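The values are calculated or read from the model by the stated rules, or taken from the named source; none is laboratory data. If you're wondering where the values come from, they're calculated on a predicted model, not measured in any experiment. Neighbour counts run over all protein chains shown; Cβ positions are idealised from the backbone, glycine included.
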Amino acid sequence: MKKTKITILGDGAWGTTLAILLSKNGHEVMVWSVFGNHLDILNKQRENKKYLKGIKIPENIVFEKDIKKAIEFGEYIVFSIPSKFFRSVSKLIKKEKISLNKKVFITVTKGLEQDSLKRMTEVLKEELGNIKTCVLSGPTIAIEVARELPALLVIACKNKKIAKDIQERFSNNYFRVYTSTDVVGVELGGPLKNIIAVVAGISDGLGFGSNAKAAILSRGIVEIQRLGEKMGAKRKTFYGLAGLGDLSTTCISPESRNRKLGERIAKGEKLKDIVNSTDSIIEGATTAEAVYRLSKKYKVDMPIVDAVYNILYKNMKPENALKIMMKREKKSE
């Protein structure tokens with residue numbers, strides 16, 4: 001496998017995990033973050049104690065505070081930036097006036113831009129022009145991948161050759177990557193499943209049991225697929241790794257931030273307080289409103305999304321939202 005220069009934008013759990021994985025795969029890796037002080041700590045301690053306690057960062061990973069140097073370094077640029085900061089980082093790159101023609105941008109962010117309702121690859125192209133973009137997604141809890149536990153993902157790109165190149169560079173004996181050309185479907189799977197995961201957490205917090213969790217997953221994937229198809233995605237994508245696979249992990253794992261959010265909401269905590277008390281960005285909290293607005297824009301019936309929106313933004317009690325869903329018109333599956 002050809003040794004490649006790869007830049008990771010973002011110093012969170014997933015960005016750090018991918019940096020470690022790619023370094024172990026034999027690539028030259030540079031990590032950039034807007035948080036220069038945190039980069040100094042990572043460089044000195046060789047451990048991301050904030051997000052990945054106990055995981056050693058290889059000595060050959062370079063930490064860089066200058067975004068111009070970071071972008072110039074990488075042949076592949078991995079965007080591991082929360083959706084709410086995605087455009088601002090794109091603008092920082094645009095400002096540097098670097099030639100981006102030969103670079104490939106890979107987004108791993110599972111979110112939507114709240115105001116515009118745009119996907120992250122759409123934001124990238126709006127800011128940086130006609131660049132090469134791909135999406136890497138799937139059922140991945142960062143700490144599990146960092147511990148080298150088996151994980152399967154999918155890389156989506158319109159250009160099949162680029163997708164295969166990335167597949168080759170990212171895959172190893174515990175990290176298996178499939179390819180797809182359905183960029184829209186793979187990119188939507190992440191943010192849409194986050195909303196369903198919040199409901200799964202609410203169900204756990206209320207002690208509803210396994211029957212309710214199974215119902216949430218099965219009906220949740222139907223809602224995701226409905227909206228995805230309306231937005232131009234392929235139906236089958238939502239029954240693969242970026243859809244059902246990612247949904248299952250996020251709804252079940254005790255490490256899932258979105259599931260934990262729902263659990264805390266069910267126990268009476270307020271959304272604002274939960275967000276303020278959490279170091280990591282909870283994408284389900286920031287994209288729930290965007291997904292709700294998309295469902296109305298595309299005229300898609302999404303009762304689970306409606307329930308999450310009413311609970312998070314309209315202060316509806318979870319028990320009342322459940323009653324509304326259970327009293328819906330009886331119909332065939």
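Once the range 210-239 is narrowed to residues that are over 16 Å from P191 (Cα atoms) and among the hydroxyl-bearing types (S, T, Y), the residue that is surrounded by the most Cβ atoms within 10 Å (Cβ to Cβ) is S218. Any idea which residue in the range 255-311 is modelled with the lowest pLDDT, counting only those that are assigned to a helix (DSSP H, G or I) and acidic (D, E)? Among those residues, the one meeting the criterion is E283. Counting the residues of the range 24-42 that are over 23 Å from the mean Cα position of the chain (by Cα), assigned to a strand (DSSP E or B) and farther than 13 Å from K5 by Cα gives 0.
What do you reckon, is G74 exposed (fewer than 15 other Cβ atoms within 10 Å of the Cβ) and either over 21 Å from the mean Cα position of the chain (by Cα) or not hydroxyl-bearing (S, T, Y) (or both)? So G74 does not fit the description; no.
Can K94 be described as at pLDDT below 95, touching a helix residue (DSSP H, G or I) at 6+ places or on another chain (Cβ under 6 Å) and assigned by TED's automatic domain parsing to the domain that holds R169? No. Under the condition of being in a loop (DSSP other than H, G, I, E, B), more than 18 Å from L271 (Cα to Cα) and either among the charged types (D, E, K, R) or in contact with a Gly (Cβ under 6 Å, 6 or more places away or on another chain) (or both), the residues counted in the range 312-333 number 6. Name the residue that is surrounded by the fewest Cβ atoms within 10 Å (Cβ to Cβ), counting only residues in the range 142-162 that are of a type outside the set (D, E, K, R) and closer than 22 Å to E229 by Cα. Filtering the range 142-162 for residues that are of a type outside the set (D, E, K, R) and closer than 22 Å to E229 by Cα, the one surrounded by the fewest Cβ atoms within 10 Å (Cβ to Cβ) comes out as N159. Would you confirm whether any residue within the range 183-206 is assigned by TED's automatic domain parsing to the domain that holds V291, surrounded by fewer than 22 Cβ atoms within 10 Å (Cβ to Cβ), hydroxyl-bearing (S, T, Y) and over 28 Å from K103 (Cα atoms)? No, the conditions are met nowhere in the range 183-206. Might you check whether a residue that is of a type outside the set (D, E, K, R), modelled with pLDDT of 95 or more, out of contact with any Lys or Arg (no Cβ under 9 Å at 6 or more places or on another chain) and in a strand (DSSP E or B) occurs anywhere in the range 44-66? Yes: one or more hits.
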